[in-house]
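First up is the structure itself, then whatever we jot down about it.
The values are calculated or read from the model by the stated rules, or taken from the named source; none is laboratory data. Computed from a predicted model, the values in this text were never measured in an experiment. As a convention, Cβ positions derive from the backbone with ideal geometry for all residues, glycine included, and neighbour counts pool all protein chains shown.
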Amino acid sequence: MSAVAENPVRQHFYEGMFLVDSGKFATDADAVTNDIMSVLAKAGATVVAHRPWQDGKLAYEIQGMKKGLHYIVCFTMRGAGMKTLIRQCQLNETIIRQMFIVHSQQIFDATVGAITGAATSPPESQSNERQERGRNDRRRDEMPVDDDE
């Protein structure tokens, strides 16, 4: 067997947050979305889910902008593509800022479910247990510990 067959290239699970001009997004949402997707494609990313997340006033002015739209994207990609992705974001005029987080597959799947609206509820046994315990009833392992005793 070859070394490549024994050690396949590992895909990482990423969540990306892109800050874009909310005015541009309001006038041409498809163009802004296509800019973000093309940047990801150039880096070799496979987009799993994406959508606009939050539009509103920024905490501080960035490049003369007081309002912005945060666009969230869940994607898979080789780790080596991150350098290319960051550089492509810096060269793109639509993307003002970006942030990427690496997730475990379990958290990634939950995030994708939340973005797409396909989030699953907790297993029925857990939800029944919570309902039976009541609001003020806690298990022993949930009780706060007093250091004064």
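Do we find that T94 is touching a residue at least 12 places away in the same chain (Cβ under 8 Å), among the hydroxyl-bearing types (S, T, Y) and in contact with a Ser or Thr (Cβ under 8 Å, 6 or more places away or on another chain) in this structure?
no
Okay, residues lined up against (1) in a helix (DSSP H, G or I); (2) loosely packed, with under 10 Cβ neighbours inside 10 Å; (3) basic (K, R); (4) at pLDDT 90 or above:
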{"residue": "G68", "(1), (2), (3), (4)": "no, no, no, yes"}
{"residue": "I96", "(1), (2), (3), (4)": "no, no, no, yes"}
{"residue": "I107", "(1), (2), (3), (4)": "yes, no, no, yes"}
{"residue": "S127", "(1), (2), (3), (4)": "yes, no, no, no"}
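Pairing residues of segment 55-73 that are among the polar types (S, T, N, Q) with residues that are surrounded by 10 or more Cβ atoms within 10 Å (Cβ to Cβ) and assigned to a strand (DSSP E or B), at Cβ distances under 8 Å and at least 6 apart in sequence or on separate chains, gives Q63/I96.
Looking only at segment 67-83, residues that are of a type in the set (A, V, I, L, M), in contact with a strand residue (DSSP E or B) (Cβ under 9 Å, 6 or more places away or on another chain) and within 15 Å of R10 (Cβ to Cβ) come to 2 in all. None of A41, A26 is aliphatic (A, V, I, L, M), more than 22 Å from I101 (Cα to Cα) and outside any strand (DSSP E or B) except A26. Only a single item in (1) modelled with pLDDT under 95; (2) under 28 Å from G117 (Cα atoms) is not met by F75, and it is number (1).
When E61 is tested against (1) within 23 Å of G113 (Cα to Cα); (2) out of contact with any helix residue (DSSP H, G or I) (no Cβ under 7 Å at 6 or more places or on another chain), just one condition goes unmet, and that condition is (1). State whether one or more residues within segment 9-19 are surrounded by 15 or more Cβ atoms within 10 Å (Cβ to Cβ), over 20 Å from G117 (Cβ atoms) and charged (D, E, K, R). No, segment 9-19 contains no residue that is surrounded by 15 or more Cβ atoms within 10 Å (Cβ to Cβ), over 20 Å from G117 (Cβ atoms) and charged (D, E, K, R). If you go through segment 10-43 and keep only what is of a type in the set (S, T, N, Q) and touching a residue at least 24 places away in the same chain (Cβ under 8 Å), you end up with Q11, S22, T33.
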